[in-house]
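Here the structure is laid out as structure tokens; the discussion comes afterwards.
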Amino acid sequence: MSSVQQQQRSIDLFLSKILLMRYWPSWITPNSLSYVRVVILAPLVLYCLFFGLITAACLAFLLAGLLDALDGTLARLRNATSPYGAFLDALSDKLLNVPIMFFLAWGCGAFGIAMGVVVLILFFAIALTLVRIFKTRGSIDTMPVRMISASSSGKIKMRLEVTGITLSMIGLIIPSLMLRIFVLHLGAICIIASLPFAVLSFYDQLRK
């Protein structure tokens with residue numbers, strides 16, 4: 001077992017004990033957590049942002065991030081990892097993050113520097129998804145999980161996006177103008193920094 005796998009196992013054990021995941025009902029599945037992120041939480045975050053409920057938007061986004069961590073943990077705990085689950089998890093990340101980044105880039109002047117980057121991130125997100133669909137040849141469940149799951153560069157990209165989105169939403173509710181601009185620019189920098197990893201993630205998928 002590699003050091004990365006050992007670290008992931010430690011995280012899984014910690015989360016499963018803290019949240020008593022072994023006692024969760026069977027109808028709570030890893031895929032259902034992904035559906036909640038896309039169908040409920042993503043629209044909720046956009047709704048809250050549109051009406052200026054920034055604190056609520058930030059809390060909903062953080063909840064979506066927690067569910068993103070828990071779906072993989074639950075799948076591994078129940079030995080229920082599957083190619084479809086890996087594909088759905090990656091797709092859920094894109095359907096959650098990209099629309100929120102677009103809204104922030106459009107609605108926040110200090111974040112506008114990242115608009116072009118967000119467009120490029122969208123391009124590579126679509127391209128990556130299309131490559132995964134093409135490689136499945138219409139049958140996702142026949143593919144090895146490693147062929148569909150995110151690479152290390154893809155995981156770094158996702159962490160930078162999540163950090164950038166969170167900082168941007170926090171920045172919008174900071175009373176101090178100087179501090180607000182500083183935090184908003186930090187968020188924009190994180191989004192910009194995620195772009196090279198989006199390119200690397202796409203390249204890694206082509207090589208699989």
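Nothing in this text is a laboratory measurement; each read-out follows from the coordinates by a stated rule. None of these values were measured; they are calculated from a predicted model. Cβ placement follows ideal geometry from the backbone for every residue including glycine, while neighbour counts extend to all protein chains displayed.
Enter the angle in degrees (range 0 to 90, nearest 10) between the Cα long axis of helix 3-18 and the first principal axis of the Cα atoms of the chain, meaning the one along which they spread out most. Approximately 80 degrees, to the nearest ten. Tally Lys and Arg at +1 and Asp and Glu at -1 over the other residues with C-beta under 12 Å from the C-beta of Leu13: what net charge comes out? So the surrounding residues net to +3.
Compare the peptides 51-58, 155-162 by average per-residue count of other Cβ atoms within 10 angstrom and give them in order, highest first. Display every interim value, and only then the final one.
Values: 51-58: 16.0, 155-162: 20.0.
Ranking, from highest mean packing down: 155-162, 51-58.
Relative to the dominant Cα principal axis of the chain, helix 152-172 is inclined by about 30°. The candidate values were [x] 1.07; [y] 1.04; [z] 0.98; the one computed from these coordinates for Rg/Rh (Cα atoms, Kirkwood Rh) carries the label [z]. In plain terms, the residue of Leu179, Leu120 with the fewest other Cβ atoms within 10 Å comes first and the most crowded comes last, giving Leu179, Leu120. Of all lysines in the structure, those lying under 26 Å Cα to Cα from Lys157, and not within fewer than 8 positions of it along the same chain, are Lys94, Lys135, Lys208. The long axis of helix 54-77 is offset from the longest Cα principal axis of the chain by roughly 10 degrees.
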